[in-house]
1. Which residue, chosen from GLN438, PRO421, SER520, occupies the Cα position most advanced towards the positive end of the dipole of the stretch 410-524, where the dipole is computed from +1 (Lys, Arg) and -1 (Asp, Glu) charges on Cβ about the Cα centre?
2. Need the full-extension length gain, ALA405 to ASP15, defined as separation in residues times 0.36 nm minus the C-alpha distance. One decimal, nm.
3. Would you calculate the volume per residue, in Å³, of the smallest convex hull containing every Cα atom of the stretch 263-402?
4. Distance between the C-alpha centers of the stretch 43-82 and the stretch 151-183? Whole Å please.
5. Report the one residue of GLN314, PRO402, HIS332 whose Cα lies farthest in the direction of the positive end of the charge dipole of the stretch 307-404 (charges on C-beta: Lys and Arg +1, Asp and Glu -1; origin at the Cα centre).
6. Just subtract the alpha-carbon distance of ALA122 and LYS271 from 0.36 nm times their residue separation and send over the number in nm, one decimal.
7. With a 1.4 Å probe and all protein chains left in place, how much accessible area per residue does the chain have, in Å²?
8. What ³J(HN,Hα) values, in whole Hz, does the Karplus curve 6.51 cos²θ - 1.76 cosθ + 1.60 give for the stretch 496-502 when θ = phi - 60°, with x put for Gly and Pro?
Amino acid sequence: MTEPERTRPAQAGRDYDADVLIVGMGPTGAALAGLLGQHGIRTAVFDKLPGLYPLPRAAGMDHEVMRIAQELQIAEALQRHVVPYRASEYHGVDGQVIKRLDSPPPPHRLGWDPMYAFDQPAFENLLRERVAALPSVTVSLGCTVSRIGQDEEHAWVDVQRADTTTIERVTGRYLVGCDGGSSPVRQALGITLTDLEFHEDFLVVDAIVGDEALSRLPATQVQYCEPERPSTFVVLAGHHRRWEIMLNPGELVPGAVTDAEAWPFLERWIKPGDAELWRSAAYTFHGLVADQWRSGRILLAGDAAHMTPPFMAQGMAQGMRDAQNLAWKLRHALMAPTAVPDLLDSYQLERRPHVIATTGHTIDLGRVICERDFNKARARDIELRGADDTAVPVTYRSTFLPPLADGLIATHTAGAGQILPQPRVLVPGGGSVLLDEQSGCGFRVITSAEVNPDDIAALTKSIAPLDGSVIRLLPRNSVPTEEPCTVIEADNLLTSWLTDLNRTIVIARPDHIVYGTAASTDECQTLIAELLTHLGSHMESRHG
């Protein structure tokens, strides 16, 4: 994919140190910096740690995260650090399978396997390498942000950089707090949290397991739904394995856990000499969501805005979705001399309900796993499995994730709020690439083959104020054509999706969210006009 076009935001009366300040450089902060920096947005990132967080965190990512990695041009390098997520088995009180989760078969809706197990430090290093290659982004590690603030025109941080005693004020048009669950930014704003009523203590252990011990371990992911000690086993790349083991009250102090403390919890599976314990920590898994995600020019993202238990591997993915949703809105808001309140307000309107719904599904799975009452666990097993010996059906993980229900989408149209499918499309000379590689990741109008060239020209003119593109999609086995803006699908993924919706045209936002769909060119032009109205204050400044 080619480097995105560099743009320069308009300034409101003075030149600030940066366009966007980001406090926190975990995966969410790093991804946001990359998504902004690729478009020339001057971004300053501050993190209190001198390097990566040293304790175990995420072990699973989904296809949305991989698509963001694709946009950030690190997906190819990431391949050696991920493996498709194996099927999950839930084992009941007597060790029987009571529930199965798996990924749907190909073709995969977003062009990537729906779920991956991954090495988070390797992923974060790739993110940071990408950010370091962007001249518009500056990164300050090992520094302390002591205060934040804002007025009508700008936001600021007071920061003490590493190896200095001086406190420096750094200004920007916007500030985003990506500074974790304890979020000093959120606390400074006085933003409260809604309790989604899940708080459970777990030991998390990452181990590098030897060959002989590997042969004795499960070949797939297992949830041990046993009242005595609910546990999770995860297969990662190579010899890497993860255990998440529920703790009794007061068993371990939260934070780093020594090998001597961890080994007794692992004796069911491995013993000293079978594996090297890489890193271990005791955590409380929370279900929490911030009540306010934006206060003027300061916004929250990632764990600063929400905390999700790990049972669907959605904690990091939720933060990455925040970054992608917010990045294009900040880019567009920065193109105008003044902010675009409705556009930035749509961030919370879209993301908060999605986070609550996704976290709710995660908590439901967590309660299946974490039941400590023996009689209730036995009843759960019967309810999930049934009383006979029939095979437990497979549930696809992707069915848990909802579309957006509100915000900057044409809710009255079929498919609005869903994620745009990403098919493979043929390229000259043979072979195929994923759609985003061919079309870029801006505003896109994608049509079926029925839309004629004259209508393509009209749609191209309509979407031009958004710097958007139009792609005419031909189904698999179509005759190659020299017509501009025309591609042939290799798998009919998007063609079938449009057919199922009984639509011929889809409008997608830069974050791949479907703004709306249409059955005719006239309907599509009406939708584009409505979209331009929502974004009109800065569209006029750019094209007026």
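1. PRO421
2. Full extension from ALA405 to ASP15 adds 136.6 nm.
3. Measuring per residue, one finds 175 Å³ for the Cα hull of the stretch 263-402.
4. Computed from Cα coordinates, the inter-centre distance equals 23 Å.
5. HIS332
6. 51.0 nm
7. Solvent-accessible surface per residue comes out at 40 Å².
8. Couplings: 5, 4, 5, 4, 4, 7, 6 Hz.
The values are calculated or read from the model by the stated rules, or taken from the named source; none is laboratory data. Owing to the predicted nature of the structure, the values given are computational and were not obtained by experimental measurement. Because the Cβ atoms are built from the backbone with ideal geometry, glycine has one as well, and the counts that use them run over all protein chains shown. All accessible areas refer to the heavy atoms of the entire protein, side chains included, with ligands and DNA or RNA removed. Shrake-Rupley method; radii C 1.70, N 1.55, O 1.52, S 1.80 Å.
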